[in-house]
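Q: Submitted below is the structure of interest, expressed as structure tokens.
Please treat every number below as a calculation from the coordinates, not as lab data. Keep in mind that this is a model prediction, so the values were computed, not measured. Virtual Cβ from ideal backbone geometry, glycine too; neighbours counted across all protein chains shown.
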Amino acid sequence: MTDRKKINIAQPSFLGNEKKYLLDTIESGWISSIGPYIEKFEQEFARYHGVKHAIATHNGTIALHLALVAAGITSDDEVIVPDFTFVATANSVRYCNARPILTDVDAGDWNIDPDAVAANITPKTKAIIPVHLYGNPARMDKLGALARKHGLIMIEDCAEALGATYNGKRVGTMGDIGCFSFFGNKIITTGEGGMCITDNDALAERMRILRDHGMNRQKKYWYDFLGFNYRMTNMQAAIGLAQLEQLDDLLNMRDEIYRTYQNAFVNCSQVVLQETHHQRHVNWIFTLRMKGFTETRRDDVMEVLKAQNIDSRPAFYPIHHMEFYRHDGFFRTTPANSVLVSQEAISLPTFIGLGESDINFIAQTLIGSINH
Ligand SMILES: Cc1ncc(COP(=O)(O)O)c(C=O)c1O
């Protein structure tokens, strides 16, 4: 073991008005889910995306659930999701007692494969949730065409991709609802937090009501629907607003980290990055594939990094490998690319303040262990 300082996989950065705004909430007493920062954060988030509505939530998982319930997803509906994603994408469908259909990804861009989506559409299919994985936008042109052709609701899972664009359009604005996460390791953070955006007035109104226990907006303590407490606090929103003010700079700094990693691996033929199409991808967490690796070899590389005090993460595991997704028809054909990409991929430290020398050290350690 080395006595080198630990390099974390992720860490938040608070370089703007975070403390000032947070202190303001404490001094004003508006610490729960009523307060000026919630409205301001929602307004600015909507403005950034050029949409009419932004609805803040307590985290990204419930943003997805809220979107699905508002869109009318219910038991026996099928919702197409990628097999290679963070588990919340699929779980949110099951919270509606609906059936997620775990669908294979493209081996090049690691996002849901439009051809596999087409093959999984049945009369029961109601919605599709593309995920812009690791900040890389999914094939929204083909997915949008499929959704239109089959009358499907499209909910974009943008948890990892705030600020990314596809054909010049921001992620989250191409489907019916876009959902975001502000967990501590995300592009911007509120501690825990999430957001739904939409241009659809009716969906927005339903999400606002459902977020607040289903309470009638005119008649206090009268409930029109079975709702939830999915509200964001004013304290979360204060931090979120301050983070949002810095978004362009944060994205540029993350791009710089991406380029430095890319250069460091340029001569390593076994390292493969996500392919991108017609888009600006954002560098949420730098993740690469080590061609031909098994899960065991990938884990060995992680051990070598750990011995140098470098934190890393395995890529997400295929969801269909989880015990509670192996049965009951959650997938129709085995998502083979999901298995392949998952076992070969590793996520490396990515956060504001990670220096060039650290990145080169991480890359050299990884290359050394690949060639070992
Ligand atoms: C793709 C994806 N979807 C959903 C979520 C859920 O967000 P949260 O952790 O804020 O609940 C995350 C992140 O953690 C994610 O990466």
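Q: Taking only Cα atoms of the range 173-294, what ratio of Rg to Rh do you get with Rh as the Kirkwood inverse-distance radius? Provide the component values of the computation, followed by the final result.
A: Values: Rg = 19.9 Å, Rh = 17.8 Å.
A ratio of 1.12.
Q: Pairs of Cα atoms under 8 Å, at least six residues apart: use those to get the relative contact order of the chain, whole percent. Intermediate results must be reported in sequence, preceding the final value.
A: Details: 810 pairs, mean separation 89.7, N = 372.
Answer for the chain is 24 percent.
Q: Then there's this: Any chance you could list P(r) for the chain, counting all Cα-Cα pairs in 20 angstrom bins from zero, rounded to whole %?
A: Calculated P(r), rounded to whole percents: 29, 57, 14, 0.
Q: Taking 26 Å as the cut-off for C-alpha to C-alpha distance, list the pairs among 40/126; 52/126; 52/186; 5/291; 20/40; 19/220 that go past it.
A: On the way: 40/126 33 Å; 52/126 24 Å; 52/186 24 Å; 5/291 30 Å; 20/40 15 Å; 19/220 34 Å.
With Cα atoms farther than 26 Å apart: 40/126; 5/291; 19/220.
Q: Round to the nearest 0.05 the FRET efficiency obtained for residue 148 and residue 34 when R0 = 45 Å and r is the Cβ-Cβ distance.
A: Numbers: r = 39 Å, r/R0 = 0.87.
The computed FRET efficiency comes out at 0.70.
Q: Under a Cβ-only charge scheme (Lys and Arg +1, Asp and Glu -1), can you give me the dipole magnitude of the range 247-370 about the Cα centre, in debye to the nearest 20?
A: Numbers: 11 positive and 15 negative charges, 74 e Å.
The calculated dipole for the range 247-370 is roughly 360 debye.
Q: Using a/c under 1.5 as the rounded threshold, could you call the range 134-182 rounded, prolate or oblate? The axes a ≥ b ≥ c are square roots of the C-alpha gyration tensor eigenvalues, and prolate needs a/b larger than b/c, oblate otherwise.
A: prolate
Q: Turning to a different aspect of this structure: If each residue of separation counts as 0.36 nm, what is the full-extension length gain between residue 245 and residue 87 once their alpha-carbon separation is subtracted?
A: Numbers: separation 158, 0.36 × 158 = 56.88 nm, distance 2.98 nm.
So the extension gain works out to 53.9 nm.
Q: Would you compute, from DSSP H runs of 4+ residues alone, the mean residue ellipticity of the chain at 222 nm, taking -39500 (n - 2.57) per run and dividing by the full residue count, rounded to the nearest 500?
A: -11500 deg cm²/dmol
Q: Could I have the simple spin-label model distance between residue 336 and residue 269, label points 7 Å from Cα toward Cβ, reported in nm to one decimal?
A: 2.5
Q: For the pair residue 97 and residue 361, how long in nm is the line joining their label points, each one 7 Å along Cα→Cβ?
A: With each label point 7 Å from Cα toward Cβ, the separation is 5.5 nm.
Q: Using alpha carbons only, what's the Rg to Rh ratio of the range 37-164 with Rh from Kirkwood? Intermediate values should be presented prior to the final figure.
A: Values: Rg = 14.4 Å, Rh = 15.0 Å.
My calculation of the ratio gives 0.96.
Q: Over the Cα atoms of the range 247-370, Rg to Rh with Kirkwood Rh, two decimal places? Can you show the working numbers first?
A: Details: Rg = 15.9 Å, Rh = 15.8 Å.
Result: Rg/Rh = 1.01.
Q: Residue separation times 0.36 nm, minus the C-alpha to C-alpha distance between residue 326 and residue 2: what's the value?
A: On the way: separation 324, 0.36 × 324 = 116.64 nm, distance 4.07 nm.
This chain segment gains 112.6 nm when fully extended.
Q: What does the convex hull of the Cα atoms of the range 1-63 come to per residue, in Å³, rounded to a whole number?
A: 172
Q: Next question, about the same structure. Which one, 221, 147, 54, projects farthest toward the positive side of the charge dipole computed for the range 18-244 from Cβ point charges (K/R +1, D/E -1)?
A: The listed residue farthest towards the positive side: 221.
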